[in-house]
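Visitor: The structure follows.
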Amino acid sequence: MLGRVIGVGVGPGALDLLTLRAKSCIETSDVVVCPRASIYSQSLAQRIVQPLLDVCGKQARALTFPMTKDPVIVAKAVREAVTVIADLARQGRTVAFLSEGDPSTYSSFIYVRRALVRDFPQICVEIIPGVSSVMAVPAVAGLDLADGHERVAIVPSTYGIADLAQLVANFDTVVLMKVGREVGDIVAILAAQNLLEHAFFVSKATMPEQRVIDDLRNVGAHHGDCQSTIVIRKPGGAGRLLGEAAIRPRELEVIG
Ligand SMILES: C[S@@+](CC[C@H](N)C(=O)[O-])C[C@H]1O[C@@H](n2cnc3c(N)ncnc32)[C@H](O)[C@@H]1O
C-alpha cells in the first residue's frame, strides 16, 4: 500500500501554537522532512518543533530549497525533494513535511504538493493548516486584522511595492510579508500617505527573539532577519461595522 505525504503547518514560532493535529502527525508519522535554505542553514520549521522531535526521539531529514527567484534552480530543488519524498511514500511510509506557519502560504510545500499530485497521483497528499504569520503578526502587535466588511491584502514585498499607495487606498489592512531591504521605500510611501504611524514592523513573532517596532523609521534598511512582516492598519477601520469610533492600534495593549 502507498504511504501518505502530509504538509504540516508548525505555526509561527512558539511551540504551543502547534495544533493538536500537527503534533499528533509529527508523533505518528514514519518520516519527518523539513525545508532549509542551504546545507549551511538550519530549517526554521525544524527549529520550531525540535523539542517535540526530541521527546519522540525523531530526527528530521532536511531537504534543500535555495532562496532564489531563479525558476530553474527552484525546479531542480523541487524535483530532488519530490524524488526523495515519493520514494518514501511508495515504500508505504507516512511522510510529514514541516512548514513554518501554514503550508499553503508562501511555502516550499506548495511546489512539492503540486509536483506530487501531478507526477504521483497514486500518493495521497494532505495538508494540516498551521497558524500563519499573517495571523500571528497582528496578534503580537495588538492589532485586529479585519472587521465587518473590511478587506485585507497580503503582499510579498520583495517582489515589488511599487503599487503600495494603491494597495493602502483599496484595502483596510495590508500585510507586507518577506520584508527585506525595501523598508526605506515603504517608509517613504507611507509617509507620503500619512500612514506611517499606522504601520508596525514585527520580526520573529511568538519566538523568544520577537521584536515589535511601531515606528518604521527605527527599523533600518538592513534589519537582517528573514522573518519580518509589516502590517499597515488604516485608521477608522476598527469597529466600523458597529459604527463605533475607531480605536487607534497604539492604544491597545501590545502583548510581548
Ligand atoms: C516564506 S514565507 C513563509 C510564510 C509562512 N508559511 C506562514 O504561513 O507564515 C516567510 C515570510 O513569512 C513571514 N513570517 C514568517 N514567520 C514569521 C514570524 N514568526 N514573524 C514575523 N513574520 C514571519 C515573513 O514575512 C517572512 O519573510
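Visitor: Based on the Cβ-Cβ distance from Asp16 to Lys178, what FRET efficiency comes out when R0 is 35 Å, to the nearest 0.05?
Guide: According to the calculation, E is roughly 0.85.
Visitor: Accessible area per residue for the chain in Å², computed with a 1.4 Å probe and the full protein assembly in place, what is it?
Guide: Value returned for the chain: 50 Å² of accessible area per residue.
Visitor: What is the gain in length, in nm to one decimal, between Asp54 and Gln193 on full extension, counting 0.36 nm per residue of separation less the C-alpha to C-alpha distance?
Guide: Working it through step by step, the gained length comes to 45.1 nm.
Visitor: Cα extents of segment 164-234 along the three principal axes, largest first, in whole Å?
Guide: So the three principal-axis extents are 34, 21, 18 Å.
Visitor: To continue, here is another question. For Gln227, what residues show an amide H to amide H distance below 5 Å, using hydrogens built from the backbone and excluding near sequence neighbours?
Guide: For Gln227, whose amide H was placed from the backbone, the distant partners under 5 Å are Lys204.
Visitor: For segment 95-160, just the Cα set please: Rg and Dmax, both in angstrom.
Guide: Looking at segment 95-160, its Cα Rg and Dmax stand at 15.3, 45 Å.
Visitor: Using a simple charge model, +1 on the beta-carbon of Lys and Arg, -1 on the beta-carbon of Asp and Glu, nothing else, what dipole does the chain show about its Cα centre, in debye to the nearest 20?
Guide: 820
Visitor: Further question: What is the extension gain from Ile39 to Asp87, computed as 0.36 nm multiplied by their sequence separation minus the C-alpha to C-alpha distance, in nm to one decimal?
Guide: Length gained, Ile39 through Asp87: 15.1 nm.
Visitor: For labels at Val152 and Arg211 in the simple 7 Å Cα→Cβ model, what's the distance in nm?
Guide: With each label placed 7 Å out from Cα toward Cβ, I get 2.5 nm.
Visitor: Sticking with this structure for a sec: Do any trypsin sites (Lys or Arg not before Pro) in segment 1-106 lie in a DSSP loop with no more than 13 other beta carbon atoms within 10 Å, and if so, which?
Guide: Answer in residue order: Lys69.
Visitor: Further question: If I compute solvent accessible area with a 1.4 Å probe over the protein chains, what percent of it on the chain is carbon and sulfur?
Guide: Roughly 54 percent of what the probe reaches on the chain is carbon or sulfur.
Visitor: Another question, then. Normalise the Debye intensity by I(0) for the chain, one equal point scatterer per Cα, no solvent, then take log10 at q = 0.11 Å⁻¹ and round to two decimals.
Guide: Rounded to two decimals, the profile gives -0.65.
Visitor: Determine, from the Cβ-Cβ distance of Arg79 and Asp185 and an R0 of 30 Å, the FRET efficiency 1/(1 + (r/R0)^6), rounded to the nearest 0.05.
Guide: 0.30
Visitor: Moving on. Checking the cross-link filter: which aspartates and glutamates have an alpha carbon closer than 13 Å to that of Lys178, excluding same-chain neighbours under 8 positions apart?
Guide: Asp225
Visitor: On the first, second and third principal axes, largest extent first, how far apart are the outermost C-alpha atoms of segment 1-107 in Å?
Guide: Between the extreme Cα coordinates on each principal axis of segment 1-107 lie 37, 35, 24 Å.
Visitor: Please state the charge dipole magnitude for segment 34-121, taken about the Cα centre, from unit charges on C-beta atoms (+1 on K and R, -1 on D and E), reported in debye and rounded to the nearest 20.
Guide: 160
Visitor: Between segment 1-21 and segment 131-191, what is the C-alpha centre distance in whole Å?
Guide: Rounded to whole Å, the Cα centres lie 26 Å apart.
Visitor: For segment 26-35, take each phi angle, set θ = phi - 60°, evaluate the Karplus expression 6.51 cos²θ - 1.76 cosθ + 1.60, and give the result in whole Hz per residue in order, putting x for glycine and proline.
Guide: In residue order, the calculated couplings are 5, 5, 9, 5, 7, 9, 10, 10, 8, x Hz.
Visitor: For Thr64 and Asn218 in one chain, what is 0.36 nm times their gap in residues minus the Cα-Cα distance, to one decimal in nm?
Guide: 52.1 nm
The values are calculated or read from the model by the stated rules, or taken from the named source; none is laboratory data. For clarity, every value in this text was computed on a predicted model and none was experimentally measured. Every residue, glycine among them, receives a Cβ derived from its backbone with ideal geometry; neighbour counts consider all protein chains shown. Surface areas here come from the heavy atoms of the whole protein model, side chains and all, with no ligands, DNA or RNA. Shrake-Rupley method; radii C 1.70, N 1.55, O 1.52, S 1.80 Å.
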